[in-house]
Amino acid sequence: MTKTLYALVAMVGITATAMFYYDAFSAPKGTIMKLKEGDPAPDFELPSQSGQSVRLSSFQNRKNIVLYFYPKDNTPGCTQEACNFRTELAQFTSQDTEVIGVSLDSIESHQKFAQKYGLNFKLLSDRDRLAAGEYGVIGSLLGLKYAKRTTFVIDKSGIIRKIFLNVNVRNHNEEVLAALRQLSDSPVKPQGN
């Protein structure tokens, strides 16, 4: 019985690691997205690691948003990306920006992840894949669904100003900060409406 349990735990760990590496290194470049820069950001409401609901539109006219989707709590790339955002959070705050991470993990998983690494921003649980579906970032590997590593920079008027696909986690926070600095005071008009 114990050998079976160890084998199951090892298989889950291998699958999570495989998802990370597939997403970070093997996903095709230029993945077709539902959304494009200049589109209104779809609104959603999801629970955070504290259990409180967060509605994206509640930040409109008050804050820019860095909305980043990631595959899995506690995997190497996702941990590095989250810790980089944590370390530079003061710079994001100085740009009137809220950093929000989203994955398909549970609230409990987010609580443990945030506590373990001292994450000082919201992690949202998208168990029903509502936000990931709206943003076109659902991936699948070996029958398991996950959120593809993608970041959306959303301005105060609720418009997507920058989309980062196939993120390199090492310097991603710097790329996002550079994009925020380029935001102009004048809002971009939505396309195609």
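All of the numbers you see were taken from the coordinates with simple rules; none came from a lab. This is a predicted model, so every value here is computed, not measured. Cβ atoms come from the backbone with ideal geometry, glycine included; neighbour counts cover every protein chain shown.
Using a cut-off of 12 Å between beta-carbons, work out the net charge of the residues near Glu108 (Lys and Arg +1, Asp and Glu -1, Glu108 not included).
It works out to a net charge of 0.
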Original post:
How much length is gained on full extension from Leu165 to Cys83, taking 0.36 nm per residue of separation minus their Cα-Cα distance?
Top reply: 27.6 nm
**OP:** Would you kindly derive the ³J(HN,Hα) couplings of the stretch 68-84 from the backbone phi angles with the Karplus curve 6.51 cos²θ - 1.76 cosθ + 1.60 (θ = phi - 60°), listing them in order in whole Hz, with x for Gly and Pro?
**Re:** 10, 9, 9, x, 7, 4, 6, 8, x, x, 5, 5, 4, 4, 4, 5, 5
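Give the order of Val54, Val167, Val153 when sorted by the count of other beta carbons within 10 angstrom, beginning with the fewest.
Values: Val54 18, Val167 21, Val153 25.
Taking fewest neighbouring Cβ atoms as first place, the list is Val54, Val167, Val153.
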Original post:
Residues with beta-carbon under 9 Å from that of Arg55, excluding Arg55: net charge, scoring Lys, Arg +1 and Asp, Glu -1?
Top reply: -2
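Cross-link list Lys34/Lys63; Lys36/Lys116; Lys116/Lys162; Lys36/Lys156; Lys34/Lys72: which exceed 28 angstrom alpha carbon to alpha carbon?
Over 28 Å Cα-Cα: Lys36/Lys116; Lys116/Lys162.
May I ask you to compute the full-extension gain from Arg55 to Ala90, defined as 0.36 nm times their residue separation minus their alpha-carbon distance, rounded to one decimal in nm? Can you show the working numbers first?
On the way: separation 35, 0.36 × 35 = 12.60 nm, distance 2.23 nm.
Full extension of this stretch gives 10.4 nm more.
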Subject >> Phi-based couplings in Hz for the stretch 163-178 (Karplus 6.51, -1.76, 1.60; Gly and Pro marked x) >> reply: 10, 10, 9, 6, 5, 8, 5, 4, 10, 5, 4, 5, 4, 5, 4, 4
Original post:
Which ³J(HN,Hα) values in Hz, rounded to whole numbers, follow from the phi angles of the stretch 119-126 under the Karplus curve 6.51 cos²θ - 1.76 cosθ + 1.60, where θ = phi - 60° and Gly and Pro get x?
Top reply: 6, 10, 9, 6, 10, 9, 9, 10
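Can you pull out the trypsin sites (Lys or Arg not before Pro) in the stretch 75-127 that DSSP calls coil and that have at most 16 other Cβ atoms within 10 Å? Working shown, then result.
Numbers: sites: Arg86, Lys112, Lys116, Lys122, Arg127; in loops: Arg127.
Those that pass, being in a loop and sparsely packed, are Arg127.
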